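The values are calculated or read from the model by the stated rules, or taken from the named source; none is laboratory data. Values in this document were obtained by computation on a predicted structure and should not be read as measured data. FYI the Cβ positions are ideal-geometry reconstructions off the backbone, even for glycines, and counts take in every protein chain you see.
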Amino acid sequence: MMINEKKCNAIMDMEHPIICINRSVSPKYPDFVKKLANPELELQGPTSFLVTKLSLWLHPIQEGKLKAVAYDEERDDAARGYDIYKYLEKNKMLESCCNLVDLKAIQDRGIVFFRKYFAKKFVFGWGSVVVDNRGYLVPYLYTDSVRVKLGWRYLSDYFVFRDFALLMLRN
């Protein structure tokens, strides 16, 4: 669904499910970012979409459908970020993943909007994996008691049942 920017801005309120995005301007990344892992995905995506048409995706290990490689006997229900990233790449799903531009647009809608559509989930934008001095990171959104926050998680970390990749559904 594509609508023009003027109409998009006119119908938006705090809870309306439409998200409008200016994809002509690169987002500002934190100073720690050295490079983008997939720069071709930075501004990819529609200029408007319904948040209700996003998919919350978990790696099969996070869903308990596959046994994790034994990194740690206590974490057989969690996937490493690298495993998720490789799975998304191998299965040609990275192109469908939300990116930093999408996450910031969702964050801008506020905590009422985020709680309505994502409840207590952590939602990740795998389309904007970055590199710093210590490794690869992926951006994500979460809430504290009063606002939606943007964080960054290393791909060497474990990702569990509440850590969803946010994907655009194709028509």
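Below are the figures for this structure:
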item	result
Where a residue in segment 113-142 is without any contact (Cβ under 8 Å) to a residue 40 or more places away in the chain and surrounded by fewer than 16 Cβ atoms within 10 Å (Cβ to Cβ) and its partner, wherever it lies, is assigned to a strand (DSSP E or B) and of a type outside the set (Ser, Thr, Tyr), with Cβ under 9 Å and at least six apart	Arg115/Val148
Qualifying residue in segment 5-25 (condition: at pLDDT 95 or above and out of contact with any His (no Cβ under 7 Å at 6 or more places or on another chain))	no
Hits in segment 133-171 (condition: touching an Asp or Glu at 6+ places or on another chain (Cβ under 8 Å), modelled with pLDDT of 95 or more and of a type in the set (A, V, I, L, M, F, W, C))	Leu166
Output for segment 98-146, where each listed residue is in a helix (DSSP H, G or I) and more than 15 Å from the chain's Cα centre (by Cα)	Ile111, Val112, Phe113, Arg115, Lys116
Residue list for segment 143-171, filter: farther than 25 Å from Asp31 by Cα and free of Cβ contacts under 8 Å to residues at least 60 places away in the same chain	Ser145, Val146, Arg162, Asn171
Failed criterion for Lys149 (all others in (1) farther than 15 Å from Leu56 by Cβ; (2) part of a helix (DSSP H, G or I); (3) among the basic types (Lys, Arg) hold)	(2)
Residue tally, condition among the β-branched types (Val, Ile, Thr) and either at pLDDT 95 or above or surrounded by 20 or more Cβ atoms within 10 Å (Cβ to Cβ) (or both), over segment 99-112	2
Exclusive hit being under 13 Å from Gly127 (Cβ atoms), of a type in the set (A, V, I, L, M, F, W, C) and either modelled with pLDDT under 90 or not in a helix (DSSP H, G or I) (or both), set Leu66, Leu43, Leu56, Leu88	Leu43
Every residue from segment 113-132 that is more than 17 Å from Pro17 (Cβ to Cβ) and at pLDDT 95 or above	Phe122, Phe124, Gly125, Trp126, Gly127, Ser128, Val129, Val130, Val131, Asp132
